[in-house]
Each structure stands twice: as structure tokens, then as C-alpha cells.
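Chemist: Have a look at this one before I ask anything.
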Amino acid sequence: MRLLMVEDEERLAQSLSQGLRAEGYAVDVVGDGLLGLDRAREGGYAAIVLDLMLPGLNGFRICQELRREQNPVPILMLTAKNGEYDEAEALDCGADDFLSKPFSYVVLTARLRALLRRGATARPTVLAVADLRIDPAARRCTVDATALRLTVKEFGVLECLARRPDQAVPKTEILDAVWDSAFRGDINIVEVYVAALRRKLAAADAHCLIETVRGIGYRLTPDER
Ligand code: CA
């Protein structure tokens, strides 16, 4: 997962990005607001950690601009206590969450994880793979315009795969996205749901299938028949 960090305090940016990289995120760091907006527009980021007070363009304006352009990327805003803007304004401008400086690294990563989980389901776009359509907002799934009846967990697993069609999605990621963090069971529960989904997709004659990627997880891909 690639993150964009727009933060002009070099030492803070460096220590945060080092920590996040150690947890497996790819992190691009930018120290200027205008550059940050450009990078964000290029897309490809799972989330943006956005400082409020920045040279060039402040985080408030960057956030507003991205939302005006219908850019749905999850944004975690870093605000300073007694700053020019308060936390309510950070949310008003379209940020998904905020964190007041100074904050602990542990809280930052926890908020980011929550944001990445939530961010994925809060976006009202319809996902499409071949003749499969998934509308996360309406919790509706169709194959060639015919409704596919799925349980809540089946829907979650399929949605998770459809967000990254043709890519191997690790089982752990599916588990994180669909089961809450209190789940302490076997990761192979994912297999049970994938098996059920395969049966339902086949029964609906869907032109896509869930492939097993050995040692990693699963991939939803168009069925080239
Ligand atoms: Ca700053």
C-alpha cells in the first residue's frame, strides 16, 4: 500500500515515514503544499497523511481541492493545537480523520489502519469486473444485471477482491478488511467464503472467477472464455 505524506517538518516526516515503511507501507514524502496536491492528483495512494500548515498551499485547501475534483482518497489531517484551523474545520473540508500534534506514532498507525479499512467502504463508486458489478454503498451485487444474493461476509470478501481486480490480494488483507480486529480465529476462514463465492459466481454464470494465488491469497479476474 502506497501512502503520500505531505509534511514540511523534515524530522517528523522522516521519523514517521521510516516507521511506516518498517510496517510495509510504501511512503512518498513531500514537504510543500503545491507539490503535495500535484502528487495527490496523480493518484495511486491508499491514503494521504496531510499536515495542515504547509508552505505553498495549506492542507485545508489541498483537501478542499481534492474533494472538489471528486478525488475520494482517504485523508488523515495533522492539525496543531491552537492553530488557525480547528479540528471541526479539518473534517468540514473533507478530511476523513484528524490527529492533533503532538501525537504518538502508535496512535497515528492505528488511525491509519482504521482509515484504510473504512475508506474502502465509504466510497460510493460501483466496482466492475467483467459482467460483475458491486455497489458498496447500496450493498448490491449483480451479474449481468441480475442480483447476486450474498451474505454480509461474502459481500465483503468479494468487494475486497473487486477493489483490486487482476491483483493478488493477501488473505491477511481480506481478513483485516472484512473481519473486525477482535477476530481471533483461523485465517483459513477466508477460504470458506471464497469457496461459497466461487459456487455463486459459477451458478450465476459470471464471466469472472476467483483464482488462488499460492502462498499469497486470491485474485478476481475476468474469465476469458
Ligand atoms: Ca507544518
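Chemist: Restricting to strands (runs of 3 or more DSSP E) lying wholly in the stretch 112-225: which have 1 or more residues that are modelled with pLDDT under 90? Full working, then the answer.
Modeler: On the way: elements: 127-129, 132-135, 140-143, 208-213, 217-222.
Correct list: 127-129, 132-135, 140-143.
Chemist: Based on this model, can you work out whether Ala22 counts as open to solvent by less than 60 Å² (accessible area, probe 1.4 Å) and either within 25 Å of Cys160 (Cβ to Cβ) or more than 12 Å from the ligand (Cβ to nearest atom) (or both)? I'd like the intermediate steps shown before the answer.
Modeler: Details: open to solvent by less than 60 Å² (accessible area, probe 1.4 Å): no; either within 25 Å of Cys160 (Cβ to Cβ) or more than 12 Å from the ligand (Cβ to nearest atom) (or both): yes.
Taking the combined requirement at face value, the residue does not satisfy it.
Chemist: Which of (1) of a type in the set (D, E, K, R); (2) closer than 27 Å to Gly94 by Cα; (3) in contact (Cβ under 8 Å) with a residue 24 or more places away in the chain; (4) out of contact with any Leu (no Cβ under 8 Å at 6 or more places or on another chain) does Asp205 not meet, given it meets every other one?
Modeler: Exception for Asp205: condition (2).
Chemist: Within the stretch 36-84, restricting attention to residues that are open to solvent by less than 10 Å² (accessible area, probe 1.4 Å) and small (Gly, Ala, Ser), which residue is nearest to the ligand (Cβ to nearest atom)?
Modeler: Gly59
Each row is one residue, and each column tells you yes or no for (1) loosely packed, with under 13 Cβ neighbours inside 10 Å; (2) closer than 18 Å to Leu116 by Cβ.
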{"position": "Arg149", "(1), (2)": "yes, no"}
{"position": "Gln167", "(1), (2)": "no, yes"}
{"position": "Tyr193", "(1), (2)": "no, no"}
{"position": "Leu197", "(1), (2)": "no, no"}
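Chemist: What are the pairs, 6+ residues apart or on separate chains, where a residue within the stretch 28-42 that is within 19 Å of Arg68 (Cβ to Cβ) has its Cβ under 9 Å from a residue that is in a helix (DSSP H, G or I) and open to solvent by 40 Å² or more (accessible area, probe 1.4 Å)?
Modeler: Gly33/Arg61; Leu37/Arg61; Leu37/Glu65; Ala40/Glu65; Arg41/Glu65
The values are calculated or read from the model by the stated rules, or taken from the named source; none is laboratory data. Nothing here was measured: the structure is a model prediction, and the numbers come from that model. Cβ sites come from the backbone with ideal geometry, for glycine too, and all protein chains shown count toward neighbours. Ligands, DNA and RNA are excluded from the accessible area calculation, which covers all protein heavy atoms including side chains. Shrake-Rupley method; radii C 1.70, N 1.55, O 1.52, S 1.80 Å.
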